[in-house]
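See below for the structure under consideration.
Quick note: the coordinates plus some simple rules give every number you see, no bench work behind them. Treat the numbers as computed from the prediction; the structure is a model and nothing was measured. Cβ sites come from the backbone with ideal geometry, for glycine too, and all protein chains shown count toward neighbours.
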Amino acid sequence: MKYEGLLGRFLPLLSSVWGVCQLCLFSLLLVLSLRVCWALLKYWRNARRLRCFALPRKRNWLLGHLGLVSDRLQADRSLGAARIQDTPTWQ
C-alpha cells in the first residue's frame, strides 16, 4: 500500500523513529532490571553473611503492657529516653 501526500512522506520516518524509541526504551529497561538484580544479589549476599549473628529479641507491645518486660530492657529504655532529652534540636 502506497501512501500519497504528506502521510506518505513522513510515515517511513515515523516508523524508524518509533523503532529507535523502542530500542532505547528496551535498553533502558534492561539496564534498570540488571541494576535491580545486582542490588538484590548484594543484599542477599550480605544477609547470608550476617546470618551467623544472633538476632536481638523483638519487643512485643503486649508483653510490655502486661509488665513482662525484663529489667534490662527497662534500663535500656530509660537510658534511651535520657539521651533523647540531651540531644539538641535544630530548627
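Here r is the Cβ-Cβ distance between Leu50 and Gln22 and R0 is 41 Å; the resulting FRET efficiency, rounded to 0.05, is 0.45. For the peptides 45-54, 19-28, the ranking by packing is 19-28, 45-54, with the highest mean count of neighbouring Cβ atoms within 10 Å listed first.
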